[in-house]
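Read the structure below first, then the notes.
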Amino acid sequence: QTCSAGSRLLVQREIADNVIDNLCKRFNALRCDTGEADADCGPLINARQKAKLEERLSAAKADGIRVAAIGKLTSSVPSGGHFVLPQLLTDIPDGHEVLREELFGPVLVVQVFEDEAEALALANATDFGLCAGIWTRDGGRQLRLAKGIRSGQVFINNYGAAGGVELPFGGVGRSGHGREKGFEGLRSYTRIKTIAIKHG
């Protein structure tokens, strides 16, 4: 439920099977609890968000999207909580709602791409654009994709490392406008005034 949490993962076909296999192992081991120190996730913020996410997940499954892996609740979780189990979704048709909308829950959707051009097209196939991450050793590709992705922040070979107050934070499209933090963030607290004087 963090605004900048990554909910879509684009993987190049050559490594897709290996990446998805490892993700399945990780997701199947995830544990949800109300507050245990070693739990991986907790409940959603309220019943409304739980119902909204469950509705989207049900629609996704009805559309043939595969739940490749799913986490579990610990034995100490009381009934009636706002828990949605962590889920890894694959085999997603292009343009599906789970790719275009913000899910705000413990769900990761995986898409496989063939080349850089397709990766960029898939990354930009949403009205949202708060954060993106790129993993590649190719320096030219790093900069091309960073420039081409419509997002307020782009992390290269990491995710979320630009969290300092000195770096502007904000999105594009439906992820908002304006910036927090950095000098750009200070602009929202200023009032610009133009004064024109005619001399003589």
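Could you look through the stretch 151-180, keep only residues that are among the aliphatic types (A, V, I, L, M) and touching a residue at least 12 places away in the same chain (Cβ under 8 Å), and pick out the one that is surrounded by the most Cβ atoms within 10 Å (Cβ to Cβ)? So that I can check it myself, show each step before the final result.
If we filter the stretch 151-180 for residues that are among the aliphatic types (A, V, I, L, M), which is where we start, we get 154, 156, 161-162, 165, 167, 172.
Among the residues that remain, those that are also touching a residue at least 12 places away in the same chain (Cβ under 8 Å) are: 154, 156, 165, 167, 172.
Details: V154: 20, I156: 17, V165: 10, L167: 15, V172: 15.
Ranking the candidates gives V154 first.
Just to be sure, is V165 farther than 24 Å from K52 by Cβ, touching a helix residue (DSSP H, G or I) at 6+ places or on another chain (Cβ under 8 Å) and not in a loop (DSSP other than H, G, I, E, B)? Spell out the reasoning first.
Details: farther than 24 Å from K52 by Cβ: yes; touching a helix residue (DSSP H, G or I) at 6+ places or on another chain (Cβ under 8 Å): yes; not in a loop (DSSP other than H, G, I, E, B): no.
No: the conditions fail for V165.
Checking the structure you have, find out if any residue of the stretch 117-131 is among the polar types (S, T, N, Q), out of contact with any Lys or Arg (no Cβ under 7 Å at 6 or more places or on another chain) and at pLDDT below 95. Steps first, answer last, please.
Just the residues of the stretch 117-131 that are among the polar types (S, T, N, Q), to begin with: 124, 126.
With the extra rule that they be out of contact with any Lys or Arg (no Cβ under 7 Å at 6 or more places or on another chain), the set shrinks to none.
No, there is no match, as no residue in the stretch 117-131 is among the polar types (S, T, N, Q), out of contact with any Lys or Arg (no Cβ under 7 Å at 6 or more places or on another chain) and at pLDDT below 95.
I'm told C41 meets every condition in (1) modelled with pLDDT of 95 or more; (2) among the hydrophobic types (A, V, I, L, M, F, W, C); (3) within 21 Å of Y159 (Cα to Cα) except one. Can you identify the failing condition by its number?
Of (1) modelled with pLDDT of 95 or more; (2) among the hydrophobic types (A, V, I, L, M, F, W, C); (3) within 21 Å of Y159 (Cα to Cα), only one is false for C41: (1).
Can you tell me how many residues in the stretch 3-13 are under 20 Å from I156 (Cβ atoms) and more than 19 Å from the chain's Cα centre (by Cα)?
Adding up the residues that qualify gives 0.
Please work out if P43 is exposed (fewer than 12 other Cβ atoms within 10 Å of the Cβ), over 12 Å from L103 (Cβ atoms) and in contact with a Ser or Thr (Cβ under 9 Å, 6 or more places away or on another chain). It would help to see each step written out before you state the result.
On the way: exposed (fewer than 12 other Cβ atoms within 10 Å of the Cβ): no; over 12 Å from L103 (Cβ atoms): yes; in contact with a Ser or Thr (Cβ under 9 Å, 6 or more places away or on another chain): yes.
The answer is no for P43.
Being more than 18 Å from R8 (Cα to Cα) and part of a loop (DSSP other than H, G, I, E, B) is the requirement here; does G160 meet it?
Numbers: more than 18 Å from R8 (Cα to Cα): no; part of a loop (DSSP other than H, G, I, E, B): yes.
Taking the combined requirement at face value, the residue does not satisfy it.
Out of the stretch 144-159, which residues are within 22 Å of D127 (Cα to Cα) and out of contact with any Cys (no Cβ under 9 Å at 6 or more places or on another chain)? So that I can check it myself, show each step before the final result.
Restricting attention to the stretch 144-159, the residues satisfying the condition of being within 22 Å of D127 (Cα to Cα) are 144-156, 159.
Selection gives R144, L145, A146, K147, G148, I149, R150, I156.
The values are calculated or read from the model by the stated rules, or taken from the named source; none is laboratory data. Quick caveat: nothing in here was measured; it's all calculated off a predicted structure. Quick reminder, even Gly has a Cβ in these numbers, built from the backbone with ideal geometry, and neighbours come from all protein chains shown.
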